[in-house]
Amino acid sequence: MKKNLVITMVLMITLTAIPSVAQEEIVISGIAGSVTHKSLSEVLKEAYKRIGITMIYKVNPSARSLLLANNGTVDGEVSRVPAMMKQYTNLRVVPVNLHTSRVSALSADKKISIDGWGTLKPYRIGHITGLKLIEAKTQDMRVTAATNYDQLFRMLDAERLDIVVGIRMDALQSFTKLRNAKEIQLKEILVLEPPLHIVENIHLLHKKHEDLIPKLTSVLQEMEKEGQIKKILDDFEANYLR
């Protein structure tokens, strides 16, 4: 009897110690310093949650983020321009536009006027390494590439650049932070119009997760109809960019 009681107690302790089945996790990379990627990661976390997956967001420099996603070290990337992804053959598109961003040229020189990519050619241009669309459009121009927008605006402040080209919201957030912290002398920056490109932000998954694409597509379309994507992005902007 005592032996049976001991066995029963051991079994109960063992069963109690076994954790419940953990929810599946997925690691999605984004560009370090990108407000756009940070905000869209909140949208994706909700989408993955709805299909029973916990999404972990990790940031990396732009070029590295894309390489890690393509080689499967991480499970995917927040978003890229699909047309520029042809060489990254291991990545698959989730065909829902999460948000539309503007690629813009920014300058402190009020005399500069642009109208399309070709009109940038006379100027010294700075952009972030790994933004494939911008790299392709400026490849025959005088270009300086940097890891982040902070570096670019410091170069613009030192008159080593004429123009910074990048995602408008990300660039403005970086400039505002540096100006407010008095890390640069510039008091204002001009967003040159018209935008150079309108970018659809499309989520990318490594091919090993191709089976998730129909589920994610359906959930993201549902969130869009509900107005949930807009709400998440609006709430993020209100809290993060104030």
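The values are calculated or read from the model by the stated rules, or taken from the named source; none is laboratory data. Source: prediction; values computed, not measured. When we count neighbours, we look across all protein chains shown, and the Cβ atoms used for this are built from the backbone with ideal geometry, even at glycine.
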**OP:** Check whether at least one residue in segment 56-72 is under 14 Å from the mean Cα position of the chain (by Cα) and closer than 13 Å to HIS209 by Cβ, and report yes or no.
**Re:** yes
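Is it the case that VAL74 is part of a loop (DSSP other than H, G, I, E, B) and either buried (at least 21 other Cβ atoms within 10 Å of the Cβ) or in contact (Cβ under 8 Å) with a residue 40 or more places away in the chain (or both)?
Taking the combined requirement at face value, the residue satisfies it.
Being within 13 Å of PRO195 (Cα to Cα), surrounded by fewer than 21 Cβ atoms within 10 Å (Cβ to Cβ), touching a strand residue (DSSP E or B) at 6+ places or on another chain (Cβ under 9 Å) and of a type outside the set (A, V, I, L, M, F, W, C): is that true of ARG142 here? Quick ask: steps written out before the conclusion?
Details: within 13 Å of PRO195 (Cα to Cα): no; surrounded by fewer than 21 Cβ atoms within 10 Å (Cβ to Cβ): yes; touching a strand residue (DSSP E or B) at 6+ places or on another chain (Cβ under 9 Å): yes; of a type outside the set (A, V, I, L, M, F, W, C): yes.
It is false that ARG142 is within 13 Å of PRO195 (Cα to Cα), surrounded by fewer than 21 Cβ atoms within 10 Å (Cβ to Cβ), touching a strand residue (DSSP E or B) at 6+ places or on another chain (Cβ under 9 Å) and of a type outside the set (A, V, I, L, M, F, W, C).
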**OP:** List every residue pair whose Cβ atoms sit under 7 Å apart, with the two residues 6 or more apart in sequence or on different chains, where the first one lies in segment 212-237 and is under 11 Å from SER39 (Cα atoms) and assigned by TED's automatic domain parsing to the domain that holds ILE51 and the second, anywhere, is surrounded by 15 or more Cβ atoms within 10 Å (Cβ to Cβ) and among the aliphatic types (A, V, I, L, M).
**Re:** ILE229/VAL43; ILE229/LEU98; ILE229/MET223; ILE232/VAL43; LEU233/VAL43
**OP:** Report, ordered by the first and then the second residue, all pairs with beta carbons closer than 6 Å, sequence separation of six or more or different chains, a first member in segment 100-116 that is under 30 Å from VAL43 (Cα atoms), and a second member that is surrounded by 10 or more Cβ atoms within 10 Å (Cβ to Cβ) and of a type in the set (Lys, Arg).
**Re:** ARG102/ARG168; SER104/ARG168
